[in-house]
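The values are calculated or read from the model by the stated rules, or taken from the named source; none is laboratory data. In this text, all values refer to a predicted model and were calculated from it rather than measured experimentally. We place every Cβ from the backbone using ideal geometry, glycine too, and count neighbours over all the protein chains shown. Note: areas computed on protein heavy atoms with side chains; ligands, DNA, RNA excluded. Shrake-Rupley method; radii C 1.70, N 1.55, O 1.52, S 1.80 Å.
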Amino acid sequence: MIEVQPSQRMRDLGVVQHGADILAEPADPFELPAEKDAAEHVIERLADAMDRIARAHDFSGKGMGLAAPQIGIARAAAAVRPTEAGAEPIVLLNPRITATSEETDEQYEGCLSFFDVRGMVPRPLRITVEATALDGTTRITVYERGLARLIHHEIDHLDGLLYTARMRPGVEPIPVGEYRQTGRAWAYES
């Protein structure tokens, strides 16, 4: 039996993989409420993709996020499913981080766009995010700990950054098999 690499499974599920230009470019913001229909369409596509991915891989206890560029859409939209069972997904349109805590932690992160490796990433424990609602109003939300990590990772995607850009100098991602042997919990996959 031939084992399919995790990154190939994600590619087969429609996730754009590391090296694609769209992952290295800032996403285009929505003009809301004028582009409400377009934003709703992207949100629907993100939800469909997350459902497909969640059926193929168990994210329980980890949370999951997906940014529009990861499904080939160069627009500033992302969705996050928190780690808590039954929690409503968080939809982010035109998000930007306006403040971060000085206090950080360092955890392994995975990315659906290069799912064969995991990397140790320092991130702030609290972030303040400004995002646009479909009606064009601005919403400001504070996220903490694991949820802050999830949201920050997705906003990085919308800015054209992968988590490797946040890793400490000299630290490299490790193969997923090696990661599993560390016994360390990790925050999520996105």
Packing-ranked peptide list from 118-129, 16-27, 86-97, highest mean Cβ count within 10 angstrom first, is 118-129, 86-97, 16-27
Quick numbers on the chain, Rg and Dmax over C-alpha atoms in Å, give 15.8, 53
Here the FRET efficiency for T98 versus R55, based on Cβ atoms and R0 = 35 Å and rounded to 0.05, is 0.50
Reduced to Cα centres, the span from segment 95-149 to segment 14-28 in Å works out to 18
Result for segment 117-186: accessible area per residue, probe 1.4 angstrom, in square angstrom, of 48
FRET efficiency (K36, V142; Cβ distance; R0 35 Å; to 0.05) is 0.85
Given 20 °C, 1.002 mPa s and a Kirkwood radius over Cα pairs, the Stokes-Einstein diffusion coefficient of segment 45-126 in µm²/s is 151
For the chain, the longest principal axis of the Cα atoms and the Cα long axis of helix 145-158 enclose an angle in degrees, to the nearest 10, of 70
Taking Cα atoms, the helix 36-56 axis meets the longest principal axis of the chain at an angle in degrees (rounded to 10) of 20
Rounded to two decimals, the Rg over Rh value of segment 23-62 from Cα coordinates and the Kirkwood Rh reads 1.12
